[in-house]
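See structure below.
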Amino acid sequence: MTFRGGIHTPEEKDRTKGLPIQTAPLPPKVVIPLSQHSGAVCEPVVNKGDVVKKGQKIGEGKGPVTSTIHSSLSGKVVDISPHPHPFGSSVLSVVIESDGKDEWTPVLKENEDYLSFDTQKLKEIVREAGIVGLGGAQFPTHVKLSPPDGNGIEYVILNGAECEPFVTSDHRLMVEKSSEIIEGLNIIIKILSAKKGFIGIEKNKPDAISTFNSQLSRPTIVGTPNSQLEVVDLNIKYPQGSEKQLIKSIVNREVPADKLPVDIGVVVNNVGTAYAVYEAVRYGKPLIERVITITGNGVKEPRNLLVRIGTSFDFLIQNCGGFAGEPEKVIMGGPMMGIAQYTLDVPVIKGTSGIVVFLKESTSPHPSLQRRGLRGDEYLPCIRCGRCIDSCPMGISPNLYGLYAERGMIEGGRDFIDEAQKWDVMDCIECGICSYVCPSNRPLVQFIKYLKSEVKKKTKNGKR
Ligand code: SF4
Ligand code: SF4
């Protein structure tokens with residue numbers, strides 16, 4: 001089974017897919033933004049000059065949708081002020097200088113008997129650990145694990161598709177930590193009282209698929225009968241890892257416009273999130289580190305690294321041998337949905353799956369991948385070729401949005417915003433395919449982001 005539209009991008013994963021995860025060295029300092037999640041920004045709970053330990057809480061949010069933030073090393077708080085954030089703005093951040101000792105906070109608690117915990121206690125541990133969706137969305141996991149009353153969850157899907165070109169962090173985690181990921185899935189199934197769990201993996205990761213299959217062939221898996229768990233090998237197609245497309249491919253259900261997976265009885269989590277849930281519940285570890293891939297033709301020694309949240313891109317690229325020439329573009333995430341960076345003085349955040357560096361376009365084997373997201377690039381008028389419409393996985397009309405956005409920006413007409421909303425611009429998942437396939441190099445995703453922000457200004461969260 002598969003979803004409509006989609007494309008086959010160059011994979012470009014060979015540089016790192018066979019490289020075991022290494023632990024990045026201790027950085028001299030970390031810059032930890034107090035916003036690394038959807039919802040309310042955290043308030044600092046430490047002051048400049050405080051001595052902190054690794055795993056100590058340094059930020060806490062208020063309200064139903066927020067998350068907590070912890071120190072990723074031991075040392076001294078030397079600054080609390082706005083710093084560059086990989087999403088492009090400046091965000092209030094806690095700067096901690098390492099004391100070189102890397103000491104854990106003493107309040108962490110191992111839980112050998114976690115299988116006896118009730119649902120509420122498990123959710124509380126996930127909330128306190130500051131776990132958010134590690135696939136990039138950064139939605140607080142404890143909120144995802146608390147569906148509104150009456151929303152019976154049938155299926156939990158772990159997303160191991162990793163369809164973004166270049167990035168291999170989930171692939172390596174699945175190969176090296178499969179039993180921990182399965183235990184994380186079991187905890188999520190228990191919290192949601194779900195009937196079945198799936199692990200969806202693209203077919204280009206046969207080693208990960210066979211690792212999980214051999215784990216599931218054991219007589220018992222902690223907490224859940226084997227019959228309730230299934231590995232699904234997915235077609236290699238972008239954006240296979242997008243939530244709605246993954247659900248269609250695995251359980252053949254469609255998430256209606258304006259609805260969430262939870263409304264059709266499904267919860268999707270990234271495999272890295274399930275691993276973080278296990279680490280928090282079993283060992284009391286808050287989310288202070290994650291695996292990322294540093295790669296691209298612009299990096300001398302590409303790697304998969306276990307990295308502390310708050311480590312600067314500059315430090316990590318230097319740790320990978322530095323640039324392999326003159327870089328043109330540094331992206332957080334993959335080239336399709338990632339965000340181009342204007343400085344290397346930005347930190348790894350919870351949603352960072354990779355850092356991809358491209359050299360000048362003339363040296364790139366895939367200029368259309370490299371072109372994605374470049375600011376100020378030249379583009380041409382729409383020639384109505386229809387490629388963007390044919391490839392769009394949401395079945396919407398990117399060419400129209402481009403025209404509406406251009407006219408709206410030039411003529412200032414509010415009607416164009418209304419028209420875009422009428423033609424379902426809010427359904428766009430910002431996968432980047434339309435920009436990728438457009439022969440006129442039109443920055444359709446940027447146009448769409450503009451229209452969506454205008455619609456949100458006019459309406460309550462973009463809903464009609
Ligand atoms: S970015 Fe949006 S409009 Fe473009 S192909 Fe993806 S879902 Fe469709
Ligand atoms: S792919 Fe580009 S040129 Fe073709 S219809 Fe879409 S916007 Fe127009």
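The values are calculated or read from the model by the stated rules, or taken from the named source; none is laboratory data. Every value quoted in this text rests on a predicted model; they were computed, and no experiment measured them. All Cβ positions, glycine included, derive from the backbone under ideal geometry; neighbour counts span all protein chains shown. For the accessible areas, the whole protein counts, side chains as well, though only heavy atoms, and no ligand, DNA or RNA atoms are used. Shrake-Rupley method; radii C 1.70, N 1.55, O 1.52, S 1.80 Å.
Averaging Cα coordinates gives a centre for the range 151-198 and one for the range 1-74; these two points are 18 Å apart. Per atom type, the range 387-458 shows carbon and sulfur on 51% of its accessible surface, probed at 1.4 Å.
For the chain, the residue among Gly333, Leu192, Pro261 whose Cα projects farthest onto the positive side of the dipole built from Cβ charges is Pro261. Where both bridge residues fall in the chain, DSSP classifies roughly 65% of the beta bridges as antiparallel. Taking all protein chains together and a 1.4 Å probe, the residues Met332, Met394, Met1, Met337 rank Met1, Met337, Met394, Met332 from largest to smallest accessible area. The local environment of Thr105, defined by Cβ-Cβ distances under 12 Å, has a net charge of +3 under the rule Lys, Arg +1 and Asp, Glu -1. Dipole size of the chain about its Cα centre, with +1 on Lys/Arg Cβ and -1 on Asp/Glu Cβ: approximately 520 debye, rounded to the nearest 20. With one equal scatterer per alpha carbon and no solvent term, the Debye-computed log10 I(q)/I(0) for the range 387-458 at 0.15 1/Å reads -0.41. Checking the Cα-Cα distances for Lys350/Lys458; Lys29/Lys123; Lys13/Lys350 against a 29 Å cut-off, the pairs over it are Lys350/Lys458; Lys29/Lys123.
Report Rg(Cα)/(2.2 N^0.38 Å) for the range 109-182, keeping two decimals.
Relative to the 2.2 N^0.38 Å estimate, the range 109-182 comes out at 1.29.
Using the Cβ of Ile288 as centre and a radius below 12 Å, the other residues enclosed give a net charge of +4, where K and R count +1 and D and E count -1.
Annotation: Cα Rg of the chain relative to the compact-globule expectation 2.2 N^0.38 Å equals 0.96.
If you take the beta carbon distance between Tyr379 and Leu306 as r and set R0 to 41 Å, what does 1/(1 + (r/R0)^6) give as a FRET efficiency, to the nearest 0.05? Write down the numbers at each step before the final one.
Numbers: r = 39 Å, r/R0 = 0.96.
About 0.55, to the nearest 0.05.
Once a ≥ b ≥ c are taken as the square roots of the eigenvalues of the Cα gyration tensor of the range 139-265, is the result rounded (a/c under 1.5), prolate (a/b larger than b/c) or oblate (a/b not larger than b/c)? Because a/c hits 1.5 or more and a/b fails to exceed b/c, the range 139-265 counts as oblate. The amide H of His70, built 1.01 Å from its N in the peptide plane, has Ile58 as neighbours under 5 Å, considering only residues 5 or more places off or on other chains.
Just flag the trypsin sites (Lys or Arg not before Pro) in the range 34-118 sitting in loop per DSSP whose Cβ has no more than 12 other Cβ atoms within 10 Å.
Working: sites: Lys48, Lys53, Lys54, Lys57, Lys62, Lys76, Lys101, Lys109; in loops: Lys48, Lys53, Lys62, Lys101, Lys109.
In loop regions of the range 34-118 (DSSP not H, G, I, E or B), the sparsely surrounded trypsin sites (Lys or Arg not before Pro) are Lys62, Lys101, Lys109.
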